[in-house]
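The values are calculated or read from the model by the stated rules, or taken from the named source; none is laboratory data. Bear in mind the structure is a predicted one, so any value in this text is a computation, not a measurement. Note that each Cβ is placed from the backbone with ideal geometry, even for glycine, and that neighbours are counted across all protein chains shown. With ligands, DNA and RNA removed, areas are computed over all heavy atoms of the protein, side chains included. Shrake-Rupley method; radii C 1.70, N 1.55, O 1.52, S 1.80 Å.
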Amino acid sequence: MKFSVDKHDKYVTLKLKEPKFTNDNSPGLKSELYLLNAEGFKNIIVDLSHVKECTDAQDLSCLLVGDRLCKSAGGLFIVTGINDEIAPIIELSNIFQSVTFVNTLEEATDFIFMDELEKEFRGER
């Protein structure tokens, strides 16, 4: 599975660099989410902008794992880069009811920084 990881102070971005999201690369993505969480990253952004095909909604279940890991750590899990080719399968899977989806990477980082500011303001840190 080809992907890149860009680690920042408050979050990490994982960019899948595969044209297809399949049951072949889904376990690798899930493993990487576990590793990032174990390293202490509670805010994770997954960028799927390179993915042009996903034929089975079951392959998307690894995104639910990432969402669960981040929420249990008190953070956010955000998916970005959804294109018109894979949007229908995401809608069919109902995964959007649990996982946060935004249009761009910039929106995702803004979302995380706003959440962190709110937590600081409420004294949750």
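I'd like to check something: does the stretch 109-119 contain any residue that is open to solvent by 10 Å² or more (accessible area, probe 1.4 Å) and within 14 Å of the chain's Cα centre (by Cα)?
yes
Going through the stretch 1-15 one residue at a time, which ones are in contact with a helix residue (DSSP H, G or I) (Cβ under 8 Å, 6 or more places away or on another chain), more than 23 Å from ILE89 (Cβ to Cβ) and either assigned to a strand (DSSP E or B) or among the hydroxyl-bearing types (Ser, Thr, Tyr) (or both)?
Passing the criteria: VAL5, TYR11, VAL12.
Name the pairs: first residue in the stretch 22-34 and hydroxyl-bearing (Ser, Thr, Tyr), second residue open to solvent by 60 Å² or more (accessible area, probe 1.4 Å), Cβ to Cβ under 8 Å, at least 6 apart or on different chains?
Pairs that qualify, where the first residue is hydroxyl-bearing (Ser, Thr, Tyr) and the partner is open to solvent by 60 Å² or more (accessible area, probe 1.4 Å), are THR22/THR55; THR22/ASP56.
Can you work out which of the residues in the stretch 67-86 that are at pLDDT 95 or above and touching a strand residue (DSSP E or B) at 6+ places or on another chain (Cβ under 6 Å) is farthest from GLU124 (Cα to Cα)?
THR80
Being outside any loop (DSSP other than H, G, I, E, B) and open to solvent by less than 60 Å² (accessible area, probe 1.4 Å) is the filter; apply it to the stretch 16-42 and report the residue that is nearest to ASN83 (Cα to Cα).
Top of the filtered list is LEU16.
Going through the stretch 56-80 one residue at a time, which ones are within 10 Å of the chain's Cα centre (by Cα), more than 15 Å from PHE41 (Cβ to Cβ) and open to solvent by less than 30 Å² (accessible area, probe 1.4 Å)?
CYS62, LEU63, VAL79, THR80, listed by residue number.
Is there a residue in the stretch 50-69 that is part of a helix (DSSP H, G or I), closer than 24 Å to ASP9 by Cβ and polar (S, T, N, Q)?
No: zero hits.
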